[in-house]
Amino acid sequence: MSNSKLSSIIEELDLKIDTLADRKLLQKQIYLLQKLGVDLGYDFGFYIYGPYSSDLTRDAFYFFEQKEHAPKTISREPLSKEEVDAIGKVNEIRMNISPERRADELELMTSILFLKSLPYLKLESFDLIYEEIQKKKPNRFNKELVEKYYKKINEISFKN
């Protein structure tokens, strides 16, 4: 992974790490970018707030520390048309969610996407996905909201 590519993406998406919600948004949007084909090289596991990469956390904290203490040393890599298009899709998804619900709803969306991509779970129907979300996140998301993001995921061309 190129830190200069991550630097460009963080700036382009105007990501922050100040609050838990900010850090969730950073994780979920980078996860979505990778699922849209932007290869940043991060591996994600499933944790309490859905897809999470400790390497991404480390790199993001390093970037923000560098930005604060040595901003002239940050290198940015130009983004390709495909990467800019993927950022546009992530921005569109993000902007269609109210700011106060954004971190939680992106957590839900990426959790569904992550669970659907695990071949050993064979979560091929909405009912199976909903059941798994309820197991992993009891009473956090109602059925209508899970269905909304299940349908949204099926409308977008994500990579496995």
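The values are calculated or read from the model by the stated rules, or taken from the named source; none is laboratory data. Computed from a predicted structure; not experimentally measured. Glycine gets a Cβ as well: all are built from the backbone with ideal geometry, and neighbour counts include every protein chain shown.
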Discussion item. Could you list, ordered by first residue, the pairs with Cβ atoms under 7 Å in which the first is in region 131-143 and more than 12 Å from I112 (Cα to Cα) and the second is surrounded by 15 or more Cβ atoms within 10 Å (Cβ to Cβ), at least 6 apart or interchain?
Written reply: K143/Y130
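To keep it simple, each residue is scored yes or no on (1) touching a Gly at 6+ places or on another chain (Cβ under 6 Å); (2) aromatic (F, W, Y).
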position	(1), (2)
L115	no, no
F126	no, yes
K136	no, no
E147	no, no
Y150	no, yes
K159	yes, no
Response to the item:
The condition from (1) at pLDDT 95 or above; (2) surrounded by fewer than 19 Cβ atoms within 10 Å (Cβ to Cβ); (3) of a type in the set (F, W, Y) that Y31 misses is numbered (2)
Worksheet item: If you scan region 3-13, which residues turn out to be within 15 Å of the chain's Cα centre (by Cα) and either among the β-branched types (V, I, T) or under 19 Å from T73 (Cα atoms) (or both)?
Response: L6, I9, I10, E12
Worksheet item: Is there a residue being closer than 25 Å to E155 by Cα, among the aliphatic types (A, V, I, L, M) and at pLDDT below 95 anywhere in region 39-47?
Response: yes
Worksheet item: Within region 1-55, which residues are of a type in the set (A, V, I, L, M), closer than 15 Å to L115 by Cα and part of a helix (DSSP H, G or I)?
Response: L32
Worksheet item: Is it the case that region 5-28 has a residue that's at pLDDT 95 or above and more than 23 Å from E100 (Cα to Cα)?
Response: no
